[in-house]
Amino acid sequence: MGNIVGAVCVPERLPLEVPVLQTSRKQAKPEIGDNAIIEYFTDIEGNWEYFLRFVVRSQILTWDEEEGDQGCWGPGTLRLKSNGILVFGGDATDKGPGDIRIVKTLTKLKQDNMKRVFIVLGNRDLQKLRFPAELLYVGRPEDIYLSPHDQRAKPFHEWCEEMKLKPDLVSKCKWMLHCTMGCQDTTFNTRKTELAMIHGKATDNDVVNSYVQSVDPKDSDPWMLAFLALGQIGLVLQDTLFVHGGVHDGCIETAISLQNWVENLNDWKDEQLLQFCMNPYFVTVDDAKIRAGEDLILYGTPTKKDISVIYHNPFEDGNPHLRSQQVEDYLTRWGVKRLLSGHQPHGQSPTVVRHPNTGLLCVTADTSRSDGTAEKLPGLNPADNRGVVVSVVRIVGPHLEIEGVLHSGLKHKCSLHTDPIKDELPDALVGRQLVNGAWMKTVLEEKDGDEPLLHCALGKGFSIKVDNEPMHKCCMRLKEQFKFDAAAPYAMSEIRSSSRRTQTPTIELDTFQTADLSVHEATLSASSRDFTFESEQFHQAECYIFGFSGLFLNVKSQIASEIVKKVNGLIEKGKRVIFVTNNSNKSRETLAAELTHTHRLRLSASRELEMAAASLVSIEQDGSPNAKETNDFIIGNSVISSARTCGWFLKQRGICKPFVICGSEALLDEMESFGITDYFSTFDKKTGKTRPQFNDPLSKESVMSIIQKNPTVDAVVVGWDFSFNVTKVGVAVQYLKWNEQIPLISCSLDPSGILGHAKDSQGGEQKMFHVGNGSMTQCISECTGREAISVGKPSDVLLEQLRHSHADGGYNIDSSKTVVVGSTLETDIKMANMGSMKSLLVFTGVASREDVKRVTDPLLMPTWVLDSFADA
């Protein structure tokens, strides 16, 4: 009597007419020598050119040319070197004219090296088992099969009408690929192209037959079935686990060992494949259509994503994250130090996540969507989204290496030890997260003398922003849980102005489909994201940072009164409220007076501020904290101006004698509060005016006269100066040109600023604009080729000050419990995203709803939007 699988009766023994299953993967226990090199690649998806590029970069693969050029099959026979172990991570087909050649080449390599080549199966591989049953005949509309996850797919007959196609098997094959398998509309034709390369010509029927015969157990050459038979769901090589999608709470069996869990998965796959071979077609039982092996097919679809290691997305809203504590504990308990997977693309190089507590390394190596601008040549690969990009993941003993080429042609390479303590900078930064949510992925090849650059990626939805950041900046911007001792010396002390720009253009992936099989899961774009205000989440925060401009409006208006009432309501509930401005002409005292007297806000202390004040101010004879010092401390920690941040940064950097361009005493006062008194400024505090020599016409003599009296400065600082002129620029330029070691520091990079409001010719009220601090600094930057260090919103320096303790001149902010409220995308919202804070954009200032709809940069996307804060 046969075993019962569902309601399909299958024989107990494998019949001789299914020889493809006679070679067992169980005969292939890994052989790993002392000098072994393990190489891993995944999600090649039919891209033959990418396969060739991988072989070129490989240290263990080579083309044996003794048998001569193999034409479209390569320059020779692919061989594995004696010390090599190759792991393919799944998804061999679907997006290029290389399906057949890639699968057959890997299968042959596996058969020749059973103990040193391993195939991990992906969702695209398993889906090929659908073809024999579903392409047996066309069927009536009600007979067309749809996977449980794909019930929203456009019905076949409707699709044929829309595409003006005859409802035959050719059309059905195209419909299956495009509407139910997550392929592109080029997939059918690229298979036809490949068949023509191999056989000289090909018809549409040949394409249909190639899909069916590739998994037909009775066919003379079921090449895809052979690939599936040799493949496995999971693989353990020493301290490394390989799966296609990932490991999550729903898939692991904590009651058994990891090795047994993986073996159970692989045994189950073999049993399912055997059942499929016994009956790959549908049978009707109790009015239900079923086929053997259906569970294996569904295991590679969203239907089983809650339990599957194949169909699992290791990202949240498009960005990598740490694995759950349960997964981390389970893997480390059984000796796993590295988890390698594919399935989910995320930019141009493999994504690395280093777990700070255990050192567990999780690498997601799918780079199939690395260059949407790649040439899509009809005769070669019209579905190419890789271009020249290629990466190799390599394991040599305790080291995991990643090396390759980005779409710009830049080379990258990093090496990570299983013990993170043994990693050295800059490689030690790879796999760690920055405060803006971006992950450092690899290290760019550097020129002699250049500071190393880290390749960083931040995903949000289906957009990915890629930056190449200098090492010191990454050290400074590490998220708290990812900080480590070796990075500390490179943080604030290494910030410097630069003569080169390190940021690459934002890479948008909005036009790409999701990695899910169903093309009916809509791609999110900025215009379709939901920014609806969620009051409960907003009020759960403990700290609120308000942008100063564009929030309060005309103090006499009704809406302004409502806004002030809402802000005071937060303060009365014990919430901490901080106001931030890029105006370096205002001291904290001036800002506090404007907030309390003009806008009638109550700047009172939160419990956290009261405790901090008690530990820092002097104590009276009766044992109570000094009242004036306490009040000054509370006021000082309720407002932040770029002048204050500038003084704090100068102290952190050990700058004692800067040349300061400014238009008021506010910047100088804040510098003095940090003990920086030996400055040379364009503003005279005694007269309250610009020093006379800076009003002289620009000439060699006027500039030299100024510099000779103050020959030594250790920085150039530019504040917002309403009397800015070319003489001041000339002096700053000479200091910077004659000493390349001193930094150029700007209190903000705002291109313009607001002087106030005035009546226009029609009697309406209009804003009065002035040249901004950033435009002033840009004059000096253009003359010197030096990039300025900004200390205003949304700079890393300001974010660093926000995180520092009160005792160190900072504001002791916990970004996870903070919301930024502002009216500008480029400063307020960007600062929030850079600092991993939630944000509320109000439309009472610069930004509008239309501006938000046009946003493509993830750093400029707010959490919520409101017409004004009165609606909060």
Looking at Asp216, Asp206, which is the one that is within 28 Å of Leu298 (Cα to Cα) and either outside any helix (DSSP H, G or I) or touching a residue at least 60 places away in the same chain (Cβ under 8 Å) (or both)? Asp216
Please verify whether the range 784-791 includes one or more residues that are more than 29 Å from Phe659 (Cβ to Cβ) and touching a residue at least 60 places away in the same chain (Cβ under 8 Å). no
Return yes or no: is His149 in contact with a helix residue (DSSP H, G or I) (Cβ under 8 Å, 6 or more places away or on another chain), outside any loop (DSSP other than H, G, I, E, B), more than 27 Å from Trp73 (Cβ to Cβ) and open to solvent by 40 Å² or more (accessible area, probe 1.4 Å)? no
Residue by residue through the range 156-191, note down the ones that are out of contact with any Phe, Trp or Tyr (no Cβ under 9 Å at 6 or more places or on another chain) and open to solvent by 60 Å² or more (accessible area, probe 1.4 Å). Glu158, Glu161, Glu162, Lys164, Lys166, Asp185, Asn189
Residue pairs meeting the criteria (Cβ under 8 Å; at least 6 apart or on separate chains; first farther than 17 Å from Gly182 by Cα, in the range 124-138; second surrounded by fewer than 23 Cβ atoms within 10 Å (Cβ to Cβ) and among the basic types (Lys, Arg)): Ala133/Arg291; Leu135/Lys172; Val138/Lys172
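Can you name every one of the helices (runs of 4 or more DSSP H) wholly within the range 35-135 that holds 3 or more residues which are open to solvent by 10 Å² or more (accessible area, probe 1.4 Å)?
Working: elements: 48-57, 99-112, 123-126, 131-134.
Qualifying helices (runs of 4 or more DSSP H): 48-57, 99-112.
Here is a yes/no grid of residues against (1) assigned to a loop (DSSP other than H, G, I, E, B); (2) at pLDDT 65 or above:
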| position | (1), (2) |
| --- | --- |
| Ile559 | no, yes |
| Val564 | no, yes |
| Gly574 | yes, yes |
| Phe579 | no, yes |
| Asn583 | yes, yes |
| Lys586 | yes, yes |
| Glu594 | no, yes |
| Ser604 | yes, no |
| Glu608 | no, no |
Counting only residues that are outside any loop (DSSP other than H, G, I, E, B) and over 20 Å from the mean Cα position of the chain (by Cα), which one in the range 845-860 is surrounded by the fewest Cβ atoms within 10 Å (Cβ to Cβ)? Glu850
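Can Asp814 be described as crowded, with 17+ Cβ neighbours inside 10 Å and either within 26 Å of the chain's Cα centre (by Cα) or at pLDDT 90 or above (or both)?
Numbers: crowded, with 17+ Cβ neighbours inside 10 Å: no; either within 26 Å of the chain's Cα centre (by Cα) or at pLDDT 90 or above (or both): yes.
Criteria not met by Asp814.
Applying the selection to the range 377-388, what residues are without any contact (Cβ under 8 Å) to a residue 60 or more places away in the chain and touching a Ser or Thr at 6+ places or on another chain (Cβ under 8 Å)? Give the derivation first.
Applying the first criterion (without any contact (Cβ under 8 Å) to a residue 60 or more places away in the chain) to the range 377-388 yields 377-378, 387.
Across the range 377-388, the qualifying residue is only Gly387.
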Any residue in the range 280-293 that is among the acidic types (Asp, Glu) sitting within a Cβ distance under 8 Å of a residue that is modelled with pLDDT under 80? List the pairs, counting only those 6 or more apart or interchain. Asp286/Ala7
For residues in the range 682-722 being touching a residue at least 40 places away in the same chain (Cβ under 8 Å) and among the aromatic types (Phe, Trp, Tyr), which is farthest from Gly774 (Cα to Cα)? Phe722
Pairs please, first residue from the range 248-277 and within 30 Å of Pro217 (Cα to Cα), second anywhere and open to solvent by 30 Å² or more (accessible area, probe 1.4 Å) and acidic (Asp, Glu), Cβ atoms under 7 Å, 6+ apart in sequence or on different chains. Trp261/Glu253; Gln272/Asp295
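Can you tell me which of His417, His412, His407 is within 19 Å of Ala36 (Cα to Cα) and either touching a strand residue (DSSP E or B) at 6+ places or on another chain (Cβ under 7 Å) or surrounded by 14 or more Cβ atoms within 10 Å (Cβ to Cβ) (or both)? Give the derivation first.
Values: His412 fails: within 19 Å of Ala36 (Cα to Cα); His407 fails: within 19 Å of Ala36 (Cα to Cα).
Checking each option against the conditions leaves just His417.
Select from the range 677-709 the residues that are of a type outside the set (Ser, Thr, Tyr) and in contact with a Pro (Cβ under 8 Å, 6 or more places away or on another chain) and list them in ascending order. Break it down into steps so the answer makes sense when it comes.
Filtering the range 677-709 for residues of a type outside the set (Ser, Thr, Tyr) gives 678, 680, 683-686, 688-689, 691-698, 700-701, 703-704, 706-709.
Answer for the range 677-709, where residues must be of a type outside the set (Ser, Thr, Tyr) and in contact with a Pro (Cβ under 8 Å, 6 or more places away or on another chain): just Phe680.
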Of the conditions (1) of a type in the set (Asp, Glu); (2) buried (at least 24 other Cβ atoms within 10 Å of the Cβ); (3) more than 30 Å from the chain's Cα centre (by Cα), Asp760 satisfies every one except a single condition; which number is it? (2)
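This table checks each residue for (1) farther than 26 Å from Tyr544 by Cα; (2) modelled with pLDDT of 95 or more.
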| site | (1), (2) |
| --- | --- |
| Ser615 | no, no |
| Asn626 | yes, no |
| Asp632 | no, no |
| Ile635 | no, no |
| Ile640 | no, no |
| Gly654 | yes, no |
| Gly663 | yes, no |
| Glu672 | yes, yes |
Looking only at the range 242-286, how many residues end up being aromatic (Phe, Trp, Tyr), assigned to a helix (DSSP H, G or I) and within 30 Å of Leu360 (Cα to Cα)? 2
Quick check on this structure: which one of Gln734, Gln741 is open to solvent by 60 Å² or more (accessible area, probe 1.4 Å) and of a type outside the set (D, E, K, R)? Gln741
Conditions first: (1) under 32 Å from the mean Cα position of the chain (by Cα); (2) of a type outside the set (Gly, Ala, Ser); (3) part of a loop (DSSP other than H, G, I, E, B). Val236 passes all but one, so which condition is the exception? (3)
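Every residue, every condition in (1) open to solvent by less than 10 Å² (accessible area, probe 1.4 Å); (2) modelled with pLDDT of 90 or more; (3) farther than 28 Å from Ile813 by Cβ; (4) touching a Lys or Arg at 6+ places or on another chain (Cβ under 7 Å), yes or no:
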residue: Leu429; (1), (2), (3), (4): yes, yes, no, no
residue: Gln433; (1), (2), (3), (4): no, yes, no, yes
residue: Asp467; (1), (2), (3), (4): no, no, no, no
residue: His472; (1), (2), (3), (4): no, no, no, no
residue: Gln481; (1), (2), (3), (4): no, yes, no, no
residue: Ala486; (1), (2), (3), (4): no, no, no, no
residue: Ser499; (1), (2), (3), (4): no, no, yes, yes
residue: Glu508; (1), (2), (3), (4): no, no, yes, no
So in the range 192-211, with the set limited to residues that are open to solvent by less than 30 Å² (accessible area, probe 1.4 Å) and in contact with a Leu (Cβ under 9 Å, 6 or more places away or on another chain), which one is farthest from Met114 (Cα to Cα)? Ala202
When residues of the range 688-719 are filtered for being surrounded by fewer than 17 Cβ atoms within 10 Å (Cβ to Cβ), among the hydrophobic types (A, V, I, L, M, F, W, C) and closer than 25 Å to Ser790 by Cβ, how many remain? 0
Unique match (being of a type in the set (A, V, I, L, M), at pLDDT 95 or above, in contact with a Gly (Cβ under 7 Å, 6 or more places away or on another chain) and within 20 Å of Gly90 (Cα to Cα)) among Val353, Val363, Val309: Val309
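The values are calculated or read from the model by the stated rules, or taken from the named source; none is laboratory data. What you are looking at is a predicted structure, and each value in this text was computed from that prediction instead of being measured. Cβ sites come from the backbone with ideal geometry, for glycine too, and all protein chains shown count toward neighbours. Accessible surface is based on the protein model in full, side chains and every heavy atom, while ligands, DNA and RNA are left aside. Shrake-Rupley method; radii C 1.70, N 1.55, O 1.52, S 1.80 Å.
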